[in-house]
1. If a residue must be under 30 Å from LEU17 (Cα atoms), polar (S, T, N, Q) and touching a residue at least 24 places away in the same chain (Cβ under 8 Å), how many such residues does the range 125-165 contain?
2. Any residue at all in the range 78-88 that's under 23 Å from LEU172 (Cβ atoms) and either in contact (Cβ under 8 Å) with a residue 60 or more places away in the chain or among the basic types (Lys, Arg) (or both)?
3. List every residue pair whose Cβ atoms lie under 8 Å apart, where the two residues are 6 or more positions apart in sequence or sit on different chains, the first residue falls within the range 9-36 and is more than 28 Å from LEU173 (Cα to Cα), and the second residue, located anywhere, is surrounded by 12 or more Cβ atoms within 10 Å (Cβ to Cβ).
4. Can you tell me which residue among ARG116, ARG127, ARG166 is closer than 30 Å to LEU54 by Cβ and within 25 Å of the chain's Cα centre (by Cα)?
5. Residues in the range 21-43: is at least one more than 30 Å from PRO157 (Cα to Cα) and β-branched (Val, Ile, Thr)?
6. From ALA94, ALA109, which residue is at pLDDT below 85 and either within 30 Å of ASN25 (Cα to Cα) or among the small types (Gly, Ala, Ser) (or both)?
7. Just the residues that are modelled with pLDDT of 90 or more, charged (D, E, K, R) and either touching a Leu at 6+ places or on another chain (Cβ under 8 Å) or buried (at least 16 other Cβ atoms within 10 Å of the Cβ) (or both), please, taken from the range 140-173.
8. Name the residues in the range 97-124 that are touching a residue at least 60 places away in the same chain (Cβ under 8 Å) and either surrounded by 14 or more Cβ atoms within 10 Å (Cβ to Cβ) or part of a helix (DSSP H, G or I) (or both), would you?
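The values are calculated or read from the model by the stated rules, or taken from the named source; none is laboratory data. All of these numbers come straight from a predicted model, not from anything done at the bench. Because the Cβ atoms are built from the backbone with ideal geometry, glycine has one as well, and the counts that use them run over all protein chains shown.
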Amino acid sequence: MSIATYVFLGIFAALFLYAVTMYNNFVRLKNNVAQAWSNIDVLLKQRHDELPKLVEACKQYMKHERGVLDEVTQARAAVQNARVAGDVAALGAAETELRMGLGRLFAVAENYPELRANENFQHLQNRISQLEAQISDRREFYNDSVNANNIRIETFPDNVLATLFRFGLRPLLKFKESEIKDVNVKALFNT
């Protein structure tokens with residue numbers, strides 16, 4: 001064998017090892033995104049199970065606030081539908097509506113001292129607040145994972161292999177402008 005053959009085989013082996021390493025990195029990134037979504041999904045399921053209990057506790061006291069309770073119930077259903085479908089864009093919009101509805105519900109609950117004093121209501125309110133904080137943390141982790149995946153897929157020469165093996169870009173979990181702007185607390189009490 002000539003020296004050119006050894007050089008060719010060496011270059012081929014190096015390119016093959018580089019391609020295998022890139023492929024494995026794409027698989028790792030894809031699985032990180034899937035794991036991050038799964039973490040969000042678990043918390044959304046937990047919150048989905050807690051919300052009917054909260055609404056039921058509120059119904060006993062808030063007979064005249066049916067609209068707020070219906071709003072939370074409808075938003076809960078929209079979040080569930082988006083979660084089951086894996087529709088990140090729809091989930092972001094539904095989450096915004098649910099958070100706004102919960103904000104109004106908790107604000108309206110301020111008008112019902114018996115409800116605020118109810119131990120079950122306090123427990124559910126604290127549990128949902130904890131889940132909201134955990135969901136927020138998981139959203140950040142999900143978006144970081146998606147960002148790492150998307151940067152890698154769009155970077156040359158990785159984009160060549162990503163296209164070849166059909167590794168695709170993933171959507172970030174985004175929220176409406178109303179979700180990130182300052183809350184008008186006065187408006188919440190006037191609902």
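1. Residues flagged as under 30 Å from LEU17 (Cα atoms), polar (S, T, N, Q) and touching a residue at least 24 places away in the same chain (Cβ under 8 Å) within the range 125-165 amount to 4.
2. yes
3. Cβ pairs passing all conditions: ALA19/LEU161.
4. On inspection, the qualifying residue turns out to be ARG127.
5. Within the range 21-43, one or more residues are more than 30 Å from PRO157 (Cα to Cα) and β-branched (Val, Ile, Thr).
6. Of the residues listed, the single one that is at pLDDT below 85 and either within 30 Å of ASN25 (Cα to Cα) or among the small types (Gly, Ala, Ser) (or both) is ALA109.
7. ARG152, GLU154, ARG170
8. Passing the criteria: ARG99, MET100, GLY103, ARG104, ALA107, VAL108, ASN118, ASN120, PHE121, LEU124.
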